[in-house]
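Before any comments, here is the structure.
The values are calculated or read from the model by the stated rules, or taken from the named source; none is laboratory data. Remember, it's a predicted structure, so these values are computed and weren't measured experimentally. Here the Cβ is made from the backbone with ideal geometry for all residues, glycine too, and neighbour counts use every protein chain on show. The accessibility values were calculated without ligands, DNA or RNA, using every heavy atom of the protein model including side chains. Shrake-Rupley method; radii C 1.70, N 1.55, O 1.52, S 1.80 Å.
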Amino acid sequence: MTPSFPAALSAYHAGDHTRAHDLLREAGEAVLGDPVALQLLGILQADLGDADAVYDHAALSLDPGNVQAIFNLGVADQRKGALFHALLRYEQALRRDPHHLGALNNLSDLLRRQGRSEEAWECLQRYLRAGGDATGLEIRLAKVADDCGLSREASEWFARAAARDDDRDGVRWEWAMQQLRDEEFADGWPHYELRRQRFGHEVLATVQYHSMPEWRGDALNGRSLLIHKEQGLGDTIMFASCLADLPGDRGQLHLAVPPVLVRLFASSFPDAAVWPSRSTVDTDQEQHQAWRPQAGVIDAHLPIGSLPLHLRREGFPAPRPYLRPLPQDVADWSARLARLIPGPRGLRVGLVLAARRGAAINPSVADGWPRSLPLHLASDLAVPGVQWFGLHERQYDDAFAQVPGLSIVPCGDWIHDMGDTAALIANLDVVVTVDTAVAHVAGAMGRKVILMLRRLGDWRWGRERLDSYWYPDVEIVRQVREGRWEPVVQQVARRLATLVAARD
């Protein structure tokens, strides 16, 4: 290797890409005789369109078996977003050199992103056994261990990350997901509070209330309290399970919730004043809420996601129903369903197969699709004696109508808010759903829920639980392997057949 090449590599690894590029250009034609130098030049000139492909080809033509050249090809592919090709390059490099630290490191990250946690963990263990430096990798090791269900190892690596990382609050936030998944509530809920400074009120969808102090969990003793919405609809519903345990004789309880929850919360918490809350601007100033003048004096406030910090540190009481739709809405839906499906009544099952995109702050799930069931598998849910009712959003009506063998009655035209959804659910026998707000509505009503959960499910459903500590009648069916929904669907179909037989 020409003397200038190691200096170029050192500059590249130090982050000085301009210096690395200049050193390679100064070497002139000598670059054409060294595959590693060619690869590095290709990476540095990736912004020149396909120019890097020329260097890649030249490098492999010079030395097809050069491990570093193959690894650098993977790095170039990864930089361009060609992750599948990058993964193949890293595996190719490791076949030639099983101890190549860079390939082991990068491959572990790509495997983790694909949900192949066990393979990622083994890759990281090979990296460490080969003498790789764990500095800077602690958080990845912790999260992969968590994904693999290795709670002890995850805790150890999270602790090491918190001791070393400058972003200690960020590490503790990630750690909270593992602690809550393992039901380590005494430490998990305090760490969960770090979401507020890490993500800010605009991401959490909270409203700033500077004009009143925050409630600290002490006895209310006649004080009025505002509990306000946070994150998604499911989060607001789930954390509302804590409201019955507010300590002391409280004054007026105010609930500021998304407009689609107002009617349902008003019928479920008749002693509270329920207000529609909207986050309209990204500002640190207190936002105008039209209902504030009507509410009168409020002594303290708290975002609803902080209730467990004060009320669930010691664990959870036996879950009980707490959401109740309006009786007239329930009666209206009873009459409507009789018109929609006249004749003998089968087992009425509500169905949701698709999760909403854009989960608020789950760091491991960029959107809802890993939680959604592929529609081509839904036909396996066709069980004789089941009458299906769609609880999904209207945008999915056309797609669900095409599922072979599964006749789903679309109900979206009559659903205008979560009060309507709850009234419909009150007329059903079972709700089969992926991880969505509907699961929380049905669970909070005490209805039978069969929850189809991805393997790397959200912390709120526990690590291996088949029930829920939030809701009284939730039956969880989990993926055994990430992304493999077929066994889940088959198990749900068998469970429905059992319920049909029991009903008959």
Cβ-placed point charges (K, R +1; D, E -1), dipole of region 173-329 about Cα centre in debye, nearest 20: 420 debye
How charged is the neighbourhood of residue 377? Take every other residue with its Cβ under 12 Å from the Cβ of residue 377, and add Lys/Arg as +1 and Asp/Glu as -1. -1
Charge dipole (debye, nearest 20) of region 358-504; +1 at Cβ of Lys and Arg, -1 at Cβ of Asp and Glu: 580 debye
Calculating log10 I(q)/I(0) by the Debye sum over Cα atoms at q = 0.05, 0.10, 0.13 Å⁻¹ from this structure picks out, from (1) -0.22, -0.92, -1.41; (2) -0.27, -0.90, -1.22; (3) -0.22, -0.81, -1.21, entry (2)
Run the paramagnetic zone check for residue 129: 7 angstrom along Cα to Cβ, then residues of region 98-115 with backbone nitrogen under 20 Å. 98-112
Assigned charges on the beta-carbon of Lys, Arg, Asp, Glu; the chain dipole about Cα centre (debye): 1520 debye
With the charge dipole of the chain built from beta-carbon charges (+1 for Lys and Arg, -1 for Asp and Glu) about the Cα centre, the Cα from 287, 416, 162 projecting farthest to the positive end belongs to 416
Straight distance only, please: which lysines reach the Cα of residue 448 with their own Cα at less than 29 Å, same-chain residues fewer than 8 apart left out? 229
Scan region 418-504 for GluC sites (Glu not before Pro) in coil per DSSP, keeping those whose Cβ has at most 12 other Cβ atoms within 10 Å, and list them by number. 464
Proximal charge balance of residue 16 [Cβ under 15 Å; K/R count +1, D/E count -1]: 0
Quick check on region 328-469: take the gyration tensor over C-alpha atoms, sort the square-rooted eigenvalues as a ≥ b ≥ c, and tell me if it's rounded (a/c under 1.5), prolate or oblate. prolate
Protection-proxy order for peptides 490-500, 213-223, each taking the mean of Cβ atoms within 10 Å per residue, highest first: 490-500, 213-223
What ranking of 254, 17 comes out by heavy-atom accessible area, probe 1.4 Å, highest first? 17, 254
